[in-house]
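Notes follow once the structure below has been shown.
The values are calculated or read from the model by the stated rules, or taken from the named source; none is laboratory data. Here the structure is a predicted model, which means the values were calculated and not measured. We place every Cβ from the backbone using ideal geometry, glycine too, and count neighbours over all the protein chains shown.
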Amino acid sequence: MKHYRLREEMNGVAEPPGKVWFWELAAGVIDADRCVRCGTCVAACPSNSIGVNRRSGLPELVKMCTGCSLCWDFCPRGGLRYEALWPRSSGEEQVGAWPDTDDASWKISAGPPAEGLGAVLEAYAVRSVRRREGVQDGGAVSTLLVALLEAGQIDGALVAKPSEDPAEPWKGVPTIARSAEEVRAAAGSFYNQTMALGELDLSRYELGRNPRIAVVGTPCEVQGIRAMQARRWSTGAHRVDAVVLTIALLCTKSFDYEGLVLRELRDRRHVDLRRVEKIDVVRGRMVVRYRDGQIALDEPVKRFHTSALKGCDECADFLGRSADISMGSVGSLDGWTSTIIRTERGRAAFELARAAFDLRDLDDPDALVRLDGLDKRIAFGSLERSFDPDGPLFIDYETHVANYAGSERRAMVAIR
């Protein structure tokens, strides 16, 4: 039986058991076009050996790999069993407690943790009392972050802001917003992933010795944070320990920037990106609006699926179940934000901003459940189509056993 094939092919040296090298992650995820560009592998690396390729936006090795396997263990498309991070659904015993990962019901197809909206302490349709231009939906995320900053509860927030490169219009890049002005400048949505967790190297920001950071990200980014915080190790430069609040944006998929914005919108549909005020995905449609109010584009989002990240099809966590708070437009009327508070940390944060919100019950919670169910069906269909048991990488989504080139490895992070 052949083990650790890539390392052996490089130098002919047999490796001790228990090691997985970055090259194995690259073969099974990055080169296989399954990377969701969350940046977890960058943040997890204790030797700071993984960086981001400026041209491709994908993870790359920037110095010697030690074979510690953490990049693979925490990757949402690698060894991470992310549904083990989900607290039990509301209405069951021990709401918010870590699950028993030996329970056979814990799988993305069904089981108690996947029912309904997950763990819910409170749920509302929310909008900011003082709406500002450029915000998404009800402006709730920006309002919450500003309240936390002004109350001194956080020192910064990991968000996406517009790229300053004129050759990259409407591209989001990660940043730590440290003031209300910086939060408001980052308001609105970008539909490209930003390798956000790589920005948790806080050395470039003046945040003090013990910074407290809120993270606004996609469910896969929150999965990576939750897993890394639950299993501690000697970290590198990335301050995962500084994250004190996670806000998951409801998400079915993200897009490749060049594929969506440049090829599909600019080149094929002749959208003038210099005039765009807002790009939005709402009720299954891609909508682009100019600053003068003209609708530049309104098409079914399914027409843009060729630009979506392929790895997103494998995700069954539309609702961001492991976050402190989940927020998005589904389930609420236009101009409002569906807000699901999942943890006591989330509730405490929301209470600080409550006076700045208009609140009411969710308009259509069943819409959230329906889209979550569709997301799970797509995830299972993707896994069944994508993995060939006779190929170089096979993932059995029932047992989460990963096999590289015939060698078997129990490759998961089972959080208890």
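General remarks:
- When Thr306 is tested against (1) under 28 Å from Val244 (Cβ atoms); (2) of a type outside the set (D, E, K, R); (3) surrounded by fewer than 22 Cβ atoms within 10 Å (Cβ to Cβ), exactly one condition is not met: (1).
- If you go through the range 163-195 and pick out every residue that is in a loop (DSSP other than H, G, I, E, B) and more than 20 Å from Cys41 (Cα to Cα), you end up with 17.
- Residues located in the range 275-297, provided they are acidic (Asp, Glu) and either crowded, with 17+ Cβ neighbours inside 10 Å or within 13 Å of Phe190 (Cα to Cα) (or both): Glu277, Asp280
- None of Gly224, Gly198 is touching a residue at least 60 places away in the same chain (Cβ under 8 Å), assigned to a helix (DSSP H, G or I) and buried (at least 23 other Cβ atoms within 10 Å of the Cβ) except Gly224.
- Against the numbered list (1) exposed (fewer than 14 other Cβ atoms within 10 Å of the Cβ); (2) touching a Phe, Trp or Tyr at 6+ places or on another chain (Cβ under 9 Å); (3) closer than 27 Å to Ile213 by Cα, Glu344 comes up short only at (2).
- Wholly within the range 228-298, strands (runs of 3 or more DSSP E) carrying at least 1 residues that are touching a residue at least 40 places away in the same chain (Cβ under 8 Å) and in contact with an Asp or Glu (Cβ under 9 Å, 6 or more places away or on another chain): 243-249, 276-282
- Residue that is farthest from Cys312 (Cα to Cα), among those in the range 169-195 that are crowded, with 19+ Cβ neighbours inside 10 Å and hydroxyl-bearing (Ser, Thr, Tyr): Thr175
- In the range 166-193, the residues that are touching a residue at least 60 places away in the same chain (Cβ under 8 Å) reach residues that are in a strand (DSSP E or B) and of a type in the set (Asp, Glu) with C-beta atoms within less than 8 angstrom, at least six apart or across chains, in these pairs: Ser189/Asp280.
- Among (1) at pLDDT below 95; (2) closer than 22 Å to Ser326 by Cα; (3) of a type in the set (Val, Ile, Thr), the one test that Thr306 misses: (2)
- Test for Ala349: is it assigned to a helix (DSSP H, G or I) and either in contact with a Ser or Thr (Cβ under 7 Å, 6 or more places away or on another chain) or not assigned by TED's automatic domain parsing to the domain that holds Ser189 (or both): no
- Inter-residue pairs, beta-carbon under 8 Å, first in a strand (DSSP E or B) and in the range 48-73, second basic (Lys, Arg), 6+ apart: Cys68/Lys19
- Restricting attention to the range 199-231, the residues that are within 26 Å of Val281 (Cα to Cα) and not hydrophobic (A, V, I, L, M, F, W, C) total 7.
- Which listed residue, of Asp241, Asp272, is closer than 29 Å to Asp201 by Cβ and either surrounded by fewer than 19 Cβ atoms within 10 Å (Cβ to Cβ) or not aliphatic (A, V, I, L, M) (or both): Asp241
- Among the residues examined, Met195 qualifies as under 24 Å from Ile50 (Cα atoms), of a type outside the set (Val, Ile, Thr) and touching a strand residue (DSSP E or B) at 6+ places or on another chain (Cβ under 6 Å).
- Residue in the range 186-200 that is at pLDDT below 95 and more than 28 Å from Gly139 (Cβ to Cβ) present: no
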